[in-house]
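Notes to accompany the following structure.
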Amino acid sequence: MLNTAISFVQNHEWAEDIAQEVFIEIYQSIEKFNEQSSLGTWIYRVTVNKCLDGIRAQKRQKRFAFVTSLFHKDTGELIYDSSNFEHPGILAERKEKSKYLFKVIEGLPGNQKTAFILSQIEDLSQKEIAEILNISTKAVESLIQRAKASLRLKLENIYEGRRK
């Protein structure tokens, strides 16, 4: 749940809040679980819905611009724990690429963004994604392909702009 929430909201503290909301929702609604899908699929669906609800609420409130970073707010450091030494130049390059990638992912239309995150970041199968989004596997495949094409085009434009 937490990883899925982080993939959507790209802010660790906010993702933790969403995960807590998901736990509460599951606890309060477990008797409504109808077993038409697996428990895991249902939990993913609740998590995705909480993430999307949170994003919509934040946009309505317009308190802050949507946070699209994988980095600590105060230090700018990449948020991950690595026990192996990596050259600072490699880390800076990854940080730069991650920044652009998640900025572009944020600009995808809702279902494309959801399908792409669940497929590429959460590593779920198209069947699982179809159950979560309540659409056909063909629709999931189409969403993922359109998301990839859009990302490829936008990232190429960014890369071309940086080379000039």
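The values are calculated or read from the model by the stated rules, or taken from the named source; none is laboratory data. Source: prediction; values computed, not measured. Virtual Cβ from ideal backbone geometry, glycine too; neighbours counted across all protein chains shown.
Miscellaneous remarks
- Residue in the stretch 89-111 that is in a helix (DSSP H, G or I) and at pLDDT 90 or above present: yes
- Pairs are defined by a Cβ separation below 8 Å, a sequence spacing of at least 6 or placement on different chains, a first member in the stretch 19-32 that is closer than 19 Å to T4 by Cβ, and a second member that is part of a helix (DSSP H, G or I) and among the polar types (S, T, N, Q); the pairs so defined are A19/T47; V22/T47.
- Check on R45, of a type in the set (K, R), in a helix (DSSP H, G or I) and at pLDDT 85 or above: yes
- Pick from the stretch 1-39, criterion modelled with pLDDT under 90 and charged (D, E, K, R), ranking: farthest from V104 (Cα to Cα): E31
- All positions within the stretch 114-132 that are part of a helix (DSSP H, G or I) and either of a type in the set (V, I, T) or free of Cβ contacts under 8 Å to residues at least 40 places away in the same chain (or both): T114, A115, F116, I117, S119, Q120, I121, Q126, K127, I129, A130, I132
- When we screen K138, K127 for residues that are among the basic types (K, R), over 20 Å from T4 (Cβ atoms) and more than 17 Å from the chain's Cα centre (by Cα), the only hit is K138.
- Residues of the stretch 136-164 classified as modelled with pLDDT of 75 or more and surrounded by fewer than 14 Cβ atoms within 10 Å (Cβ to Cβ), total: 8
- For the stretch 134-161, a tally of residues being farther than 16 Å from K97 by Cα, free of Cβ contacts under 8 Å to residues at least 24 places away in the same chain and part of a helix (DSSP H, G or I) returns 7.
- The residues listed here are F66, F116; of these, the one that is aromatic (F, W, Y), at pLDDT below 65 and within 16 Å of the chain's Cα centre (by Cα) is F66.
- Matching residues, the stretch 29-38, being surrounded by 11 or more Cβ atoms within 10 Å (Cβ to Cβ) and in a helix (DSSP H, G or I): S29
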